[in-house]
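Accompanying notes for the structure given below.
The values are calculated or read from the model by the stated rules, or taken from the named source; none is laboratory data. Note that the structure is a prediction, hence the values are computed from the model and not measured. Glycine also receives a Cβ, built like all others from the backbone with ideal geometry; neighbour counts cover every protein chain displayed.
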Amino acid sequence: MADYVKNFGSRFVGLTGSAEAIAEAAKAYRVAFSKFENKDTVGDDNYSIDHSAFVYLMGRDGEYITHFNYGAPAAKMTESLRRYL
């Protein structure tokens, strides 16, 4: 997971753990996810994870402030961010 997440930038955090721990974190952040097995290829590592695509704005204390849905216009995000800076 660490190598994969590096593709998105140094400040991204990837989630891994037991199935129960991942389900608990997904519930806490109100996201959906499912594992998609690629049956057309050989090997155990041929899968992807479909998941919600929110961007969360968290406070310095790690508390949730707001979120942005996938495809939110940059102007809307900028407006919201300005309120919290």
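Answer with yes or no whether Y70 is under 22 Å from I22 (Cβ atoms), of a type in the set (S, T, Y) and in a strand (DSSP E or B). Against the criterion (under 22 Å from I22 (Cβ atoms), of a type in the set (S, T, Y) and in a strand (DSSP E or B)), Y70 does not qualify. Taking A23, is it surrounded by 11 or more Cβ atoms within 10 Å (Cβ to Cβ) and at pLDDT 90 or above? For A23, the condition - surrounded by 11 or more Cβ atoms within 10 Å (Cβ to Cβ) and at pLDDT 90 or above - is met. For segment 49-65, a tally of residues being under 14 Å from the mean Cα position of the chain (by Cα) and over 14 Å from V31 (Cβ atoms) returns 2. Take the conditions surrounded by 12 or more Cβ atoms within 10 Å (Cβ to Cβ), modelled with pLDDT of 90 or more and of a type outside the set (D, E) and apply them to L15. Does it pass? No. The selection criterion, being modelled with pLDDT of 90 or more, assigned to a loop (DSSP other than H, G, I, E, B) and loosely packed, with under 11 Cβ neighbours inside 10 Å, holds for D61.
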